[in-house]
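The values are calculated or read from the model by the stated rules, or taken from the named source; none is laboratory data. Please read all numbers here as calculations on a predicted model, not as lab measurements. Because the Cβ atoms are built from the backbone with ideal geometry, glycine has one as well, and the counts that use them run over all protein chains shown.
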Amino acid sequence: MMHYLYESYLEIIHIHSHSVESWSKELLGCIIQLMGLVHGYCWYDREKKVQMKILFPTDKIICDYVKDVMHIMSHKPFYKQTKPNRSNDETILMESIFAFLFMLIQAYDINRLFRVNTTMRDTVVLVVEATVNDKIAICGYSILGEILTDDQFKELKVVGLQTLSKNDSIQESTAHLNKMNLLIEMCDEYPMVYDIIWTLSFNQDIQQQLRSNLSFISKLTQLSKECDNEQICKMIYGILWNLEINHENRPTSKIKNEKRFDIMISYSHKEKVLCKQIYEELSKSGYRVWIDFDQMHVNMMDTMAQAIEQSHIIIVCMSEHYRKSNYCRAEAHYAFQQQRKIVPLILQKQYKPDGWLSFLIGHLLYVDFNQYEFSQAMKMLFKELKVEDICETNAVPIRPKADAAVRFPTLSVSSPKRSASPTFSQNILQWTQKQVQDWLLEHNLVQMSRLLMNHDGRSLIYLSQYMKNCQPQQILNSLQQDSLRRINESISLIELSYFHSLIDQQKSSTKKKKPQH
């Protein structure tokens, strides 16, 4: 088949590589399909190289093809739009090109092409450092390992490992290899390695390996007192925090249960502008909010811990930058450990939590600030916050300390008194729409309360009967469609199961109290 394809394929790639700026989505899809077909043939035959010899009969044709795909790869909108998973065409295209380039470099002696053409080499570096996709990064660093000199690669490898170390599977592999001592030895020559160690130190096995190296722990403790480089200090404090060293020396609130703030906003500095808008809206509504706009503290770990300990609710502003930030990860984990109520927001377009962030958030409902207009998203956030009445009864004036780098609302917060728990008739059929909403919220069924807005008790009974008598998959599909159409959210199986259980309990209670004749 390759005999019939190769000439036309090479010509198509050559022609369109020089007009990549004007590609339509349809053309991009066609190029991906063509590349996938041709690269697939070569990949499965990579040992014998029969297909590659047909595709590339001469060295010149290989070099011309590499130049063409490099021109496609250098198109900024392509590599800037790559995703962690193969969820869009740009990511699939870049993965395909990088994997095939690596295979070509291993099969043919084309290293000289990259060493002579520094623009091509720099393009690989640029894309690798910009990508959020681990497969592309691994292929890219493998290519650079083949084409760069030892000195060039040694320095670049440190930066690459800094990116890759944020992947949970890489952390597990590093822990299994038990090679932390090699990284420790590199710290003096490459201070950036401290950041890599901080990232890896979220893994419990690596924590154990680091704690067992007493000389390294002693060195970190000493550096935390003497270090004059602010960035290095933050990394060292981060490592020590993860290893739970010096926790007993940390200043804590005199009144353990005192909560000075209703809300703390945990965010990545990249989302500062939107977070400031959210902060201002919350403050206008009377919430006492802790947020660090400047992030100028050297020991940010202690500052973070005190803020979490003194707050009722932690708003986690999710994005790819948040997931990759060591500081944000430490912050979110500490909030989880302290059993704070977590309200997640999505601030990045089309972002889906993965890795440690996905595990921490679990099945919590989140508000997507990209899916809705800001005002609508804020209304949804206020609903989430009002599920639990967090504000204190008395007015409390909040004033920032003179040397603090955080911003507090400089006003007295007066909160409404907590209302008494609503009372419900034993007979669900008699429940009004308001009573249904009160009952759902009392049991923390927030998503179901949105989905069943304007439904009365009789509606609940009908829904319960449908759930009991129809096929489970049919019911789930129908509810999923309704949920997406009405509130633009996927149905939570946890809430749905709990809802079904509560309805059964309520119906049983009604039957028991029914008078006997």
Report summary line: Residue count, region 445-465, condition at pLDDT 80 or above, assigned to a loop (DSSP other than H, G, I, E, B) and within 20 Å of Leu381 (Cα to Cα), comes to 2
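From the list Tyr108, Tyr41, which one is closer than 17 Å to Ser142 by Cα, assigned by TED's automatic domain parsing to the domain that holds Ser8 and modelled with pLDDT under 85?
Criteria check complete, one pass: Tyr108.
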Query raised in the report: If we scan region 98-106, do we find a residue that is among the small types (Gly, Ala, Ser) and within 19 Å of Cys30 (Cα to Cα)?
Result: yes
Report task. With the checklist (1) in contact (Cβ under 8 Å) with a residue 60 or more places away in the chain; (2) exposed (fewer than 13 other Cβ atoms within 10 Å of the Cβ); (3) among the hydrophobic types (A, V, I, L, M, F, W, C) in hand, flag the one item Ile32 doesn't pass. Result -> (2)
Query raised in the report: What single numbered condition from (1) assigned to a loop (DSSP other than H, G, I, E, B); (2) over 22 Å from His333 (Cα atoms) fails to hold for Ser218?
Result: (1)
Report task. Only residues in region 490-502 that are in the same structural domain as Ser478 (by TED's automatic domain parsing) count as the first member; pair them with residues that are of a type in the set (A, V, I, L, M), Cβ under 6 angstrom, at least 6 apart or cross-chain, and list the lot. Result -> Ile491/Leu479; Glu495/Leu445; Glu495/Met448; Phe499/Leu445; Phe499/Met448; His500/Met467
**Report entry** Exclusive hit being of a type in the set (Lys, Arg), assigned by TED's automatic domain parsing to the domain that holds Ile31 and touching an Asp or Glu at 6+ places or on another chain (Cβ under 9 Å), set Arg86, Arg121
**Finding:** Arg86
**Report entry** Subset of region 358-382 (residues that are at pLDDT 90 or above, part of a helix (DSSP H, G or I) and of a type in the set (A, V, I, L, M, F, W, C))
**Finding:** Phe374, Ala377, Met378, Met380, Leu381, Phe382
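Looking only at region 426-437, how many residues end up being assigned to a helix (DSSP H, G or I) and surrounded by fewer than 18 Cβ atoms within 10 Å (Cβ to Cβ)?
As a first pass, look at region 426-437 and keep what is assigned to a helix (DSSP H, G or I): 428-430, 433-437.
Narrowing further to those that are surrounded by fewer than 18 Cβ atoms within 10 Å (Cβ to Cβ): 429-430, 433-435.
The qualifying residues number 5.
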Query raised in the report: Out of (1) farther than 28 Å from Lys179 by Cβ; (2) at pLDDT 90 or above; (3) in a helix (DSSP H, G or I); (4) not hydroxyl-bearing (Ser, Thr, Tyr), the odd one out for Lys225 is which?
Result: (2)
Requested in this report: Pick out the one residue from Asn454, Asn444 that is at positive phi, surrounded by 12 or more Cβ atoms within 10 Å (Cβ to Cβ) and outside the structural domain of Met380 (by TED's automatic domain parsing).
Outcome: Asn444
Query raised in the report: Restricting attention to region 466-476, which residues are surrounded by fewer than 17 Cβ atoms within 10 Å (Cβ to Cβ), part of a helix (DSSP H, G or I) and either more than 31 Å from the chain's Cα centre (by Cα) or not assigned by TED's automatic domain parsing to the domain that holds Thr432 (or both)?
Result: Tyr466, Lys468, Asn469, Pro472, Gln474
Report task. Would you tally the residues in region 88-102 being within 13 Å of Ile62 (Cβ to Cβ) and either surrounded by fewer than 17 Cβ atoms within 10 Å (Cβ to Cβ) or of a type in the set (Ser, Thr, Tyr) (or both)? Result -> 0
Query raised in the report: So is Asp438 out of contact with any Cys (no Cβ under 8 Å at 6 or more places or on another chain) and closer than 28 Å to Pro344 by Cα or not?
Result: yes
Report task. Scan Ile72, Ile32, Ile62 and give me the residue that is in contact with a Leu (Cβ under 6 Å, 6 or more places away or on another chain) and in a helix (DSSP H, G or I). Result -> Ile32
Query - Members of region 205-235 found to be touching a residue at least 40 places away in the same chain (Cβ under 8 Å), surrounded by 19 or more Cβ atoms within 10 Å (Cβ to Cβ) and more than 24 Å from the chain's Cα centre (by Cα), listed by number - result: Cys233
Query raised in the report: Looking at this structure, is Tyr41 assigned to a helix (DSSP H, G or I), out of contact with any Cys (no Cβ under 8 Å at 6 or more places or on another chain), over 17 Å from Ile97 (Cβ atoms) and of a type in the set (Ser, Thr, Tyr)?
Result: no
